[in-house]
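One structure is given below, encoded as structure tokens.
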Amino acid sequence: MLNLKICDFKEGQSHFAKTIMPNEIDLHDDGKFCKPIIIDFTINKVDNDLYLKTIISTIAELECDRCLEPFEYELKESLRIVITSNAELAQDNEDDVYYSRQPGGEIDISESIRQSILVSLPVKKICHPKCKGLCSKCGENLNKVTCNCETETIDPRWEALKKLSNQK
């Protein structure tokens, strides 16, 4: 759990960083997250409201979609969170707006941090932009070896046209 107490912060702007382990925000089941998560907070406190700007940094261990090799992906994501005692503001159904009934109360922001990390993972996981992937015939990793498989494949619908061009 990642709890923030409103009463712990002074009026105005403050900065602090917190390092947590993935299991503290329920990322332990995945296996992709084994490294610590660093969260840099910039907090503006106005009356009993907190306006947080966070920068979340960690390293995810992913598998390349092209070559199937494991690689480390440096993840850096920013997230804004509001903790307010204003019920109207909290009723806007924004995911990252938390309502605190008690001035100086404690709020768990773990789920917002967790979702931000999960959403920032790439849809297409590629170890590096020039990854060649696997050979479609023999399955060799083309980043490591050059296979001798025939790479030219012709659509069977064009085969008749090729025969015509070879007759000349």
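The values are calculated or read from the model by the stated rules, or taken from the named source; none is laboratory data. Every value quoted in this text rests on a predicted model; they were computed, and no experiment measured them. Don't worry about glycine lacking a Cβ; one is built from the backbone with ideal geometry, like all the others, and counts go over all protein chains shown. Remember, those area values only see protein heavy atoms, side chains included, never the ligands or the DNA or RNA. Shrake-Rupley method; radii C 1.70, N 1.55, O 1.52, S 1.80 Å.
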Worksheet item: Just for strands (runs of 3 or more DSSP E) wholly inside the range 1-80: which have at least 2 residues that are among the aliphatic types (A, V, I, L, M)?
Response: 12-20, 37-46, 49-63
Discussion item. Which count do you get for residues in the range 5-53 that are buried (at least 18 other Cβ atoms within 10 Å of the Cβ) and closer than 13 Å to Ile83 by Cα?
Written reply: 6
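Provide a single number: the residues in the range 15-48 that are of a type in the set (S, T, N, Q) and modelled with pLDDT of 90 or more.
Matching residues across the range 15-48 total 3.
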Practice prompt. Check the range 142-149 and report whether any residue there is out of contact with any Lys or Arg (no Cβ under 7 Å at 6 or more places or on another chain), over 21 Å from Ile59 (Cβ atoms) and modelled with pLDDT of 90 or more.
Written response: yes
Discussion item. Going by what's in this entry, would Glu77 be described as open to solvent by 20 Å² or more (accessible area, probe 1.4 Å), under 19 Å from His15 (Cβ atoms) and either out of contact with any Lys or Arg (no Cβ under 9 Å at 6 or more places or on another chain) or modelled with pLDDT of 85 or more (or both)?
Written reply: yes
